[in-house]
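Notes to accompany the following structure.
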Amino acid sequence: MPVKFLISLLIPVIVFSASILAQEHHGHRGQHRHEHLTGVVRATVENNGIREIQSLPYATLHWAGTTIGVTTDENGNFDLHKPNSDDILQLVVSYTGFSADTIPVPPGKTTIEILLTENVQLEEVTVRRRMGGSYISTVQPAKTEIITTHGLQALACCNLSESFENSATVDVGFSDAVSGAKRIQMLGLAGVYSQLMFENLPGIRGLSSTYGLTYVPGTWMESIQISKGSSSVLQGYESTTGQINIEYKKPQRSEILFLNLFANSEGRLEANMNSAVDLGDSWSTMLLGHVSTQQLEIDHNGNTFLDVPLGTQVNFMNRWNHELEDRRHVQFGIHVLSDNRYGGQTFFDRQTDRGTTNAWGMESITTRLQGFLKAGFYLPNTLQSSVGFMAVGTWYDQDSYYGLNNYTGEQKSLYTNLVYQSILGNTNHRINTGVSYSLDSYDERFNTGLMSRTESVPGVFGEYTYSWPDIFTLILGLRADHHNLHDWFVTPRMHFRYHANDNGTLRGSIGKGFRTANVFAEHTAIMASSRQVIFTEEFRAEEAWNYGINYTHAFPLAGERNVTVSADLYRTDFINQVIADMDQSSARIVFYNLDGKSFSNSFQTDITLEASDGFEIFAAYRLDDVRTTINGNLVESPLISRHKGLLTFSYSTRFERWRFDMTNQFNGRKRIPDTSGSIEQYRLPEYSPAYYILHAQITRKYRNMDLYFGGENLTNFKQNNPIIAFDDPFGSHFDSSMVWGPFMGRMFYAGIRYTFN
């Protein structure tokens, strides 16, 4: 499908949405109106001896006797569905450190302001990094770190791949030194073993895992939820090490207009916008746009290869929200992306040098079209039983070349999920059950080899949740999926959460995960090398167990400040894994099924200290022991740091007029794939060195505008030899995949954010 066709398809949608966004919409379109209660939750608090009213972010509200609830946003605002009733409803409001309150809401009331009373005794453990912009959820049975909009703005978060610099849980690095592709690691394993979702729908998977992390603009995101261990069976069978769920901005509670302009010293320019409007009759819509370009050629290390590829990305989303009568909710939208990147040697000419040995170059042209639908409603005469339906369809097309290697890939995907939720007797016992279906069609060509397959997977699942309020939660889940190529996947999972005391929470999980490998998309770096690709056998489905436990404890200090300590230990055991063996020879990469052991042990501990008003310190240490049987030997897995340290400082002045953020990272050494068979000048050491990098940012806030500037990798640490045999790119030793650290050096940036509400 050509790009021009996609643009012609998108233009009417944008024009139609923009025309709606530009006008006021009055009146009703029907007789049924879905009532909402909107408002703000505040409290009187003491700061430096002065009593003042502040908004309460992430306060919890729900209607008494129902499952209808909501959490306030970072400014304390909320938008809550109001059940149809002629009686006075009771609204329960709670926030850690404050007395819970129950407020009567008469019929017809649609707005409210709530003021909570401070309570000296904490009722439950809440881990918040308000200045750092993330906190650990007390509601989720799995340990879940939530990065808020505030946290995303603490660094130059231009896209999803740059959103984890302040997180000790997720590591991000380049796949190779020429294409700009990013990869993540979690619990010491590649990001493909974690589910990357958007609003609990499949997001980055399959062929899009190559460049998909750069396809989610940072300013579009409302929050990121990072959970460790296997996820709920409701989201499928693929999660093994965790789940990263992206919440995009919502039209019903977003800014009327938001603009973000960004530029850095490497020549990268970005423009982002989103605009939303409430149309009345419970309709709201939103348009999100992103354009970024890199046109400045950078070669700091002087190896004649561009440090960062050139190119342009255009990215649009249009989403709609509709509240139908009688407790029904529908969301749908369309997402269109076009990405063109090209790089290689600085003197490469795309018009004349492609397919020749005149100069080495690469180019990747990607087009993606995605549509989604989410619908849910409560069954008649009850507020305890509901049905939800979700669907997402994706078309992804990539046409690329890397030197003399040519790769094209097309993926067509459909995912649907129908869930029924109810209670058994009372709200302490809940069930979720349903059916799902996923269809993935892959057509790939690498040089002269053609690889096509279709995966059709219907599934059924059930999940039981037992809750002893404020004390204990147990979730037992089981699903069965029939894969047309790999037979049955039976996936059991269990999670529990126990409040050991007023300030401590213990969590644990056990679960199984399955997935099928996409070797070219997941190892795109092999195409940017002279390695011969060898498949020794037909791949079986990857299968693994994950076990984990976490304990979090908050120690109250003077005033409302806390010291919070958290520690967790997770183990992943593979039953089967597709091995990418780069140790046999530096001239080839061999793929085969696991024959022996493969496991990951990951231990992490962190501490959050609210040192004073406006000043917060976060420190974390992680140890990953990851070993795999490669070529018959159980060895340390390559290019994985055994040790990781993180130390962040965040300080803001009164009313956050000024904000200062600093991130310190220590990355331990990594094992480098064996190069002893290469000639001496191209041999690498067995391990990379450990290194330290520093990021910092200063933000000045005005009424409707933020100015920010900062720097990344301020220590200017660089991997000196990211490309082996750069002077002979068409020779047998050329390899750009041995990337273990940053190779672009120090970078400065500046930007402006404008908000109109």
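The values are calculated or read from the model by the stated rules, or taken from the named source; none is laboratory data. Note that the structure is predicted; figures quoted are calculated from it, not measured. Backbone-built Cβ (ideal geometry, glycine too); neighbour counts: all protein chains shown.
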Unmet requirement for T44, which otherwise passes all of (1) surrounded by 19 or more Cβ atoms within 10 Å (Cβ to Cβ); (2) modelled with pLDDT under 80; (3) not in a loop (DSSP other than H, G, I, E, B); (4) not aromatic (F, W, Y):
(1)
Collect the residues in the stretch 732-744 that are assigned to a loop (DSSP other than H, G, I, E, B) and either surrounded by 18 or more Cβ atoms within 10 Å (Cβ to Cβ) or at pLDDT 95 or above (or both), keeping them in residue-number order.
H733, F734, S736, S737, M738, V739, W740, G741, P742, F743, M744
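Which of the residues spanning the stretch 545-585 are in a strand (DSSP E or B) and closer than 27 Å to V739 by Cα? Outline the logic, then answer.
First pass over the stretch 545-585, keeping only residues in a strand (DSSP E or B): 545-556, 562-576, 578-581.
Scanning the stretch 545-585 gives Y570, R571, T572, D573, F574, N576, V578, I579, A580, D581.
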I need a count of the residues in the stretch 168-186 that are under 17 Å from D339 (Cβ atoms), part of a strand (DSSP E or B) and in contact with a Lys or Arg (Cβ under 9 Å, 6 or more places away or on another chain).
1
Filter the stretch 504-529 down to residues that are closer than 20 Å to G361 by Cβ and either part of a strand (DSSP E or B) or modelled with pLDDT of 95 or more (or both), then give me how many there are.
1
Residue set L279, L257, L296, L261; condition surrounded by fewer than 18 Cβ atoms within 10 Å (Cβ to Cβ) and more than 29 Å from M744 (Cβ to Cβ); output residue L257
Is it true that some residue in the stretch 298-306 is over 25 Å from M527 (Cα atoms) and β-branched (V, I, T)?
no
Report, by residue number, each residue of the stretch 325-349 that is in contact with a Lys or Arg (Cβ under 8 Å, 6 or more places away or on another chain), over 24 Å from Y248 (Cβ atoms) and assigned to a strand (DSSP E or B).
Y342
For the stretch 513-562, name all the residues that are surrounded by 20 or more Cβ atoms within 10 Å (Cβ to Cβ), farther than 18 Å from D583 by Cα, among the charged types (D, E, K, R) and in contact with an Asp or Glu (Cβ under 9 Å, 6 or more places away or on another chain).
R515
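Among the residues of the stretch 350-357, are any surrounded by fewer than 16 Cβ atoms within 10 Å (Cβ to Cβ) and part of a strand (DSSP E or B)?
Here is the first cut: in the stretch 350-357, the residues surrounded by fewer than 16 Cβ atoms within 10 Å (Cβ to Cβ) are 350-352, 355-357.
Then drop every residue that is not part of a strand (DSSP E or B), which leaves none.
The answer is no, given that none of the residues of the stretch 350-357 is surrounded by fewer than 16 Cβ atoms within 10 Å (Cβ to Cβ) and part of a strand (DSSP E or B).
Test of understanding: among T628, T608, which residue is of a type outside the set (K, R) and closer than 26 Å to R515 by Cα? Give the derivation first.
On the way: T608 fails: closer than 26 Å to R515 by Cα.
Just one listed residue meets the conditions, T628.
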For the stretch 412-441, give me the residue count where each residue is touching a Phe, Trp or Tyr at 6+ places or on another chain (Cβ under 8 Å) and either of a type in the set (G, A, S) or outside the structural domain of E463 (by TED's automatic domain parsing) (or both).
4
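Just to check your reading of the model, which residue among Y342, Y396 is over 30 Å from G477 (Cβ atoms), modelled with pLDDT of 95 or more and in the same structural domain as H733 (by TED's automatic domain parsing)? I'd like the intermediate steps shown before the answer.
On the way: Y396 fails: over 30 Å from G477 (Cβ atoms).
Step by step, each of Y342, Y396 is checked, and only Y342 is over 30 Å from G477 (Cβ atoms), modelled with pLDDT of 95 or more and in the same structural domain as H733 (by TED's automatic domain parsing).
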Test: residue in the stretch 644-651 that is part of a strand (DSSP E or B) and in contact with a helix residue (DSSP H, G or I) (Cβ under 7 Å, 6 or more places away or on another chain):
no
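So if I check each of T552, T605, which one is within 24 Å of the chain's Cα centre (by Cα), over 18 Å from A190 (Cβ atoms) and modelled with pLDDT under 95?
Values: T605 fails: modelled with pLDDT under 95.
That would be T552, the only listed residue that is within 24 Å of the chain's Cα centre (by Cα), over 18 Å from A190 (Cβ atoms) and modelled with pLDDT under 95.
For every residue, the table says whether it meets (1) surrounded by fewer than 17 Cβ atoms within 10 Å (Cβ to Cβ); (2) touching a residue at least 60 places away in the same chain (Cβ under 8 Å); (3) β-branched (V, I, T); (4) more than 15 Å from I693 (Cβ to Cβ).
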residue: I630; (1), (2), (3), (4): no, no, yes, yes
residue: V635; (1), (2), (3), (4): yes, no, yes, yes
residue: I640; (1), (2), (3), (4): no, yes, yes, yes
residue: H643; (1), (2), (3), (4): yes, no, no, no
residue: T648; (1), (2), (3), (4): no, yes, yes, no
residue: S652; (1), (2), (3), (4): no, yes, no, yes
residue: M662; (1), (2), (3), (4): no, no, no, no
residue: Q665; (1), (2), (3), (4): no, yes, no, no
residue: K670; (1), (2), (3), (4): no, yes, no, no
Output the residues belonging to the stretch 692-713 that are surrounded by 17 or more Cβ atoms within 10 Å (Cβ to Cβ) and either out of contact with any strand residue (DSSP E or B) (no Cβ under 8 Å at 6 or more places or on another chain) or assigned to a loop (DSSP other than H, G, I, E, B) (or both).
N713
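Report whether or not G69 is on the phi > 0 side of the Ramachandran plot, modelled with pLDDT under 85 and outside the structural domain of L623 (by TED's automatic domain parsing). Explain how you work it out, then say what you get.
Working: on the phi > 0 side of the Ramachandran plot: no; modelled with pLDDT under 85: yes; outside the structural domain of L623 (by TED's automatic domain parsing): yes.
Here the answer is no, as G69 does not meet what is asked.
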Consider only pairs whose beta carbons are under 9 Å apart and that are at least six residues apart or on different chains; among these, list those whose first residue lies in the stretch 672-695 and is free of Cβ contacts under 8 Å to residues at least 24 places away in the same chain and whose second residue is assigned to a loop (DSSP other than H, G, I, E, B) and basic (K, R).
S676/R683; Y687/R669; P689/R669
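Of the residues that make up the stretch 511-524, is at least one free of Cβ contacts under 8 Å to residues at least 60 places away in the same chain and in the same structural domain as F615 (by TED's automatic domain parsing)?
So the first thing to find is which residues in the stretch 511-524 are free of Cβ contacts under 8 Å to residues at least 60 places away in the same chain, and the list is none.
No, the stretch 511-524 has no match at all.
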Residue list for the stretch 600-619, restricted to those being farther than 21 Å from S194 by Cα and assigned to a strand (DSSP E or B):
D606, I607, T608, L609, E610, A611, S612, F615, E616, I617, F618, A619
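Tell me whether the stretch 587-603 contains one or more residues that are in contact (Cβ under 8 Å) with a residue 24 or more places away in the chain and under 27 Å from A154 (Cβ atoms).
First, the residues of the stretch 587-603 that are in contact (Cβ under 8 Å) with a residue 24 or more places away in the chain: 587-603.
Applying the additional criterion that residues be under 27 Å from A154 (Cβ atoms) yields 602-603.
Yes: the stretch 587-603 contains one or more residues that are in contact (Cβ under 8 Å) with a residue 24 or more places away in the chain and under 27 Å from A154 (Cβ atoms).
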If you go through the stretch 411-449 one residue at a time, how many are of a type in the set (S, T, Y), touching a strand residue (DSSP E or B) at 6+ places or on another chain (Cβ under 6 Å) and either under 19 Å from T516 (Cα atoms) or assigned to a loop (DSSP other than H, G, I, E, B) (or both)?
8
Quick one: is L155 modelled with pLDDT under 80, buried (at least 21 other Cβ atoms within 10 Å of the Cβ) and farther than 23 Å from V563 by Cα?
yes
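Restricting attention to the stretch 485-503, and to residues there that are surrounded by fewer than 21 Cβ atoms within 10 Å (Cβ to Cβ) and either touching a Pro at 6+ places or on another chain (Cβ under 9 Å) or hydroxyl-bearing (S, T, Y) (or both), which single residue is nearest to M362 (Cα to Cα)? Please lay out each step first, then the result.
Just the residues of the stretch 485-503 that are surrounded by fewer than 21 Cβ atoms within 10 Å (Cβ to Cβ), to begin with: 485-488, 490, 492, 494, 496, 498-503.
Still in the list and also either touching a Pro at 6+ places or on another chain (Cβ under 9 Å) or hydroxyl-bearing (S, T, Y) (or both): 496, 498, 503.
Numbers: F496: 48, Y498: 53, N503: 54 Å.
So the residue we want is F496.
Looking at N315, N301, N321, N340, which one is in contact (Cβ under 8 Å) with a residue 24 or more places away in the chain and farther than 25 Å from T210 by Cβ?
Values: N315 fails: farther than 25 Å from T210 by Cβ; N301 fails: farther than 25 Å from T210 by Cβ; N340 fails: farther than 25 Å from T210 by Cβ.
None of the others qualify; the one that does is N321.
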Residue count for the stretch 354-381, restricted to those that are of a type in the set (A, V, I, L, M, F, W, C) and either at pLDDT below 95 or not assigned by TED's automatic domain parsing to the domain that holds S209 (or both)
3
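Is the stretch 271-280 home to any residue that is among the β-branched types (V, I, T) and over 23 Å from H81 (Cβ atoms)? Before the answer, list the steps.
From the stretch 271-280, those among the β-branched types (V, I, T) are 277; that's our starting set.
From what is left, the residues that are over 23 Å from H81 (Cβ atoms) are none.
Scanning the stretch 271-280 turns up no residue that is among the β-branched types (V, I, T) and over 23 Å from H81 (Cβ atoms).
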